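Undergrad: The structure is given below, and queries will be raised subsequently.
The values are calculated or read from the model by the stated rules, or taken from the named source; none is laboratory data. It should be emphasised that the depicted structure is a prediction, and the values quoted were computed from it without experimental measurement. All Cβ positions, even for glycine, are placed from backbone atoms using ideal geometry, and neighbour counts span all protein chains on display.
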Amino acid sequence: MHKPFHTLLFLAITFVLLGLISLVFPEKGIYVTDRLCVRYPTFASLFLEKKAEKTDISNIIALADAEEKAIEAEFADTLSVNKTDSITSNTAAKLVKVDTCLKLITTIQYKNESKTAMSNFFNSLANIANEEKSIRILHYGDSQIEGDRISDYIRLKLQGEFGGEGPGLISFMPVAPSVVNKISWSTGWDRYPVFAGKDKRVKHNNFGALAHITRFSSYGSISDTVQAKSAWVKIVTSKNGGPKAAAYKKIKLFYGGAQTKTHVELYENGTLNASDSLVAGGNFNIKEFTLNQGALLQEFKFKGKDSPDFYGVSLEGGKGVMVDNFGLRGSSGTFFNQINFGQLKSFYDYLNAKLIILQFGGNSLPYIKTKEQADAFGTYLRAQINIIKKLAPQASILVIGPADMSVKVGTEYETHPQLEDLRDAIKKAAFDTDCAFFDMYSCMGGRNSMLTWVEQGIGAKDYIHFSSGGARKIAVLLYSSLMNDYNNFVKNR
């Protein structure tokens, strides 16, 4: 006969057994696969564990806010006094407003005291009036910059100071919507990436500077009986990125690889601007259109038996600065060796790339369990940087380390245990290749700083990404550090 005592005894034995398991179960869990880990609360996590100590970021936020206000005020004064393009009214190298009374949280770091890693870019910026065409900043990164985050602020400020129009090179099928451009497309379009693993449907390696292709028809052979396909893409530009980003005067299509010619029409606000053909073959063709109305709605209409590989479309003006945002969700930044080197060099030369920013690491961190694995990633990244340096010797390279990234340990969030090892490995890769390095982890406060960023609404609830407001604050601090070094370069040259 079952008695209440039996139930009590059963529960007591169960709790004792569960308690014994908590004493012997590994603190880091048991990994079934690289991505599947079985965890169990340990005795320490239940009774002894202390909550992760949050980092005080009040000084960082105050600095970012003060810097932005100082820059905004100077920017407004510049626009009100001088309505012409900066590059037409300033023949000598200009200094950029940065409040030197405020101590920067972290600065761009260099391998040696001569700080030559950024000289090519700073020299081009200082002599921008003599440049034959726009100089480009190519900002490569993972989901931390997608949607034009961080890049948009750098573009806004540099175009305000040095001239230039347009958001630059964008995809017909962006991974995430941008604050500047909203893009829509007809059925049948598809994206073929290489940035997070090569798409097996693509039998070549001509992926262009954006590291992916878009097409309105799938790959395959064609014949006389194949019917021509029609497709469209609409680009709507807002003024959220500033008046200059919306003031582009030209559109350039980068394409190649089609088996036949493709008919193309460009419409501005519904009015036909141009009607022409895109050539077949090649891996670096450019079709340029001049806008008549300065409209903020453009529509491409295509018709052909086979789609070209579209490498991107550039919205741009005349001389000045262009900042291209290449937000590549899921990428570790180790894909450059999988792109046709000759084609990539053609892009970098044509775009007149003077600064290439590499902001990766966050997507590799979840798979890094030891310092040795972090060092191995640094070795992979170093090889990629060396490729870029050979293809774009005219460009400076700025490597940005990962932001703080929290993982759940027991019931609390804290900085990923290998984050600092990864940061150090990325910094070493930058210095080994004579590149500059910006420590975003230290800039935002260091260990467990993401906890406070999330608490204050400037970090996302995944404890990995910034919110839009947080991305703006990081962009302000990065821009201030960049312009501080540029000013010193101008003064000392």
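Undergrad: Output the number of residues of segment 425-472 satisfying the condition of being of a type in the set (Lys, Arg) and either at pLDDT 95 or above or closer than 13 Å to Ala403 by Cα (or both).
TA: Qualifying residue count, segment 425-472: 3.
Undergrad: In addition: So, Asn283, is that one outside the structural domain of Phe207 (by TED's automatic domain parsing) and under 28 Å from Gly220 (Cα atoms) or not?
TA: No: the conditions fail for Asn283.
Undergrad: Report, by residue number, each residue of segment 329-369 that is among the basic types (Lys, Arg), within 14 Å of Leu138 (Cα to Cα) and within 19 Å of the chain's Cα centre (by Cα).
TA: Lys354
Undergrad: When you check Ser114 against the structure, is it in a helix (DSSP H, G or I), outside the structural domain of His212 (by TED's automatic domain parsing) and over 18 Å from Leu478 (Cα atoms), yes or no?
TA: no
Conditions (1) under 25 Å from Leu158 (Cα atoms); (2) outside the structural domain of Gln109 (by TED's automatic domain parsing); (3) surrounded by fewer than 17 Cβ atoms within 10 Å (Cβ to Cβ), marked per residue:
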site	(1), (2), (3)
Gln359	yes, no, no
Ala376	no, no, yes
Val399	yes, no, no
Thr411	no, no, yes
Gln418	no, no, no
Asp432	no, no, yes
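Undergrad: Sticking with this one: Could you figure out which of (1) in a loop (DSSP other than H, G, I, E, B); (2) touching a residue at least 60 places away in the same chain (Cβ under 8 Å); (3) under 28 Å from Phe466 (Cα atoms) isn't true of Met173?
TA: The number of the failed condition is (2).
Undergrad: Conditions first: (1) in contact with a Phe, Trp or Tyr (Cβ under 6 Å, 6 or more places away or on another chain); (2) buried (at least 18 other Cβ atoms within 10 Å of the Cβ); (3) in a loop (DSSP other than H, G, I, E, B). Asn206 passes all but one, so which condition is the exception?
TA: Against the list (1) in contact with a Phe, Trp or Tyr (Cβ under 6 Å, 6 or more places away or on another chain); (2) buried (at least 18 other Cβ atoms within 10 Å of the Cβ); (3) in a loop (DSSP other than H, G, I, E, B), Asn206 comes up short only on (1).
Undergrad: Residues being more than 28 Å from Met450 (Cα to Cα) and outside any helix (DSSP H, G or I): count how many of those fall in segment 350-388.
TA: Within segment 350-388, residues that are more than 28 Å from Met450 (Cα to Cα) and outside any helix (DSSP H, G or I) number 4.
Undergrad: Kindly evaluate Ser221 against the criterion of being of a type outside the set (A, V, I, L, M), surrounded by fewer than 14 Cβ atoms within 10 Å (Cβ to Cβ), in the same structural domain as Val175 (by TED's automatic domain parsing) and touching a strand residue (DSSP E or B) at 6+ places or on another chain (Cβ under 7 Å).
TA: no
Undergrad: In segment 431-463, what residues are in contact with a strand residue (DSSP E or B) (Cβ under 9 Å, 6 or more places away or on another chain), among the hydroxyl-bearing types (Ser, Thr, Tyr) and in a helix (DSSP H, G or I)?
TA: Tyr441, Ser449, Thr452
Undergrad: Does Lys428 fit the bill of being more than 26 Å from Ala62 (Cα to Cα), out of contact with any helix residue (DSSP H, G or I) (no Cβ under 7 Å at 6 or more places or on another chain) and assigned by TED's automatic domain parsing to the domain that holds Ser143?
TA: So Lys428 does not fit the description; no.
Undergrad: If you don't mind, another one. Return a yes/no flag: does segment 189-203 have any residue that is under 22 Å from the mean Cα position of the chain (by Cα), modelled with pLDDT of 95 or more and among the hydroxyl-bearing types (Ser, Thr, Tyr).
TA: The answer is yes, given that some residue of segment 189-203 is under 22 Å from the mean Cα position of the chain (by Cα), modelled with pLDDT of 95 or more and among the hydroxyl-bearing types (Ser, Thr, Tyr).
Undergrad: Restricting to segment 139-192, name every residue that is touching a Pro at 6+ places or on another chain (Cβ under 8 Å) and within 17 Å of Phe254 (Cβ to Cβ).
TA: Scanning segment 139-192 gives Asn181, Ile183.
Undergrad: I'm trying to understand the selection: among the residues of segment 140-151, which are surrounded by fewer than 24 Cβ atoms within 10 Å (Cβ to Cβ) and either aromatic (Phe, Trp, Tyr) or not in a loop (DSSP other than H, G, I, E, B) (or both)?
TA: Of everything in segment 140-151, those that are surrounded by fewer than 24 Cβ atoms within 10 Å (Cβ to Cβ) and either aromatic (Phe, Trp, Tyr) or not in a loop (DSSP other than H, G, I, E, B) (or both) turn out to be Glu146, Gly147.
Undergrad: Quick test for you: out of Ile170, Ile183, pick the one residue that is under 29 Å from Leu381 (Cβ atoms), at pLDDT 95 or above and in contact with a strand residue (DSSP E or B) (Cβ under 7 Å, 6 or more places away or on another chain).
TA: Being under 29 Å from Leu381 (Cβ atoms), at pLDDT 95 or above and in contact with a strand residue (DSSP E or B) (Cβ under 7 Å, 6 or more places away or on another chain) holds for just one of Ile170, Ile183, which is Ile170.
Undergrad: I've got another one for you. Quick check on my filter: what residues within segment 185-203 are surrounded by 13 or more Cβ atoms within 10 Å (Cβ to Cβ) and among the hydroxyl-bearing types (Ser, Thr, Tyr)?
TA: Ser186, Tyr192
Undergrad: Looking at the structure I just gave you, is Ser332 of a type in the set (Gly, Ala, Ser) and surrounded by fewer than 24 Cβ atoms within 10 Å (Cβ to Cβ)?
TA: It is true that Ser332 is of a type in the set (Gly, Ala, Ser) and surrounded by fewer than 24 Cβ atoms within 10 Å (Cβ to Cβ).
Undergrad: Of the residues that make up segment 243-254, is at least one buried (at least 19 other Cβ atoms within 10 Å of the Cβ) and touching a helix residue (DSSP H, G or I) at 6+ places or on another chain (Cβ under 7 Å)?
TA: Yes, the conditions are met somewhere in segment 243-254.
Undergrad: If you don't mind, another one. Please indicate, with yes or no, whether at least one residue in segment 151-170 is over 30 Å from Ser481 (Cβ atoms), touching a residue at least 60 places away in the same chain (Cβ under 8 Å) and outside the structural domain of Lys97 (by TED's automatic domain parsing).
TA: There is no residue in segment 151-170 that is over 30 Å from Ser481 (Cβ atoms), touching a residue at least 60 places away in the same chain (Cβ under 8 Å) and outside the structural domain of Lys97 (by TED's automatic domain parsing).
Undergrad: Out of all the residues in segment 360-367, is one or more of a type in the set (S, T, N, Q) and either within 21 Å of Ala196 (Cα to Cα) or out of contact with any strand residue (DSSP E or B) (no Cβ under 9 Å at 6 or more places or on another chain) (or both)?
TA: Yes, some residue in segment 360-367 is of a type in the set (S, T, N, Q) and either within 21 Å of Ala196 (Cα to Cα) or out of contact with any strand residue (DSSP E or B) (no Cβ under 9 Å at 6 or more places or on another chain) (or both).
Undergrad: Can you name every residue in segment 468-482 that is over 14 Å from Ile61 (Cα atoms) and surrounded by fewer than 20 Cβ atoms within 10 Å (Cβ to Cβ)?
TA: Ser468
Undergrad: Within segment 156-184, count every residue that is buried (at least 22 other Cβ atoms within 10 Å of the Cβ) and among the basic types (Lys, Arg).
TA: Total meeting the criteria: 1.
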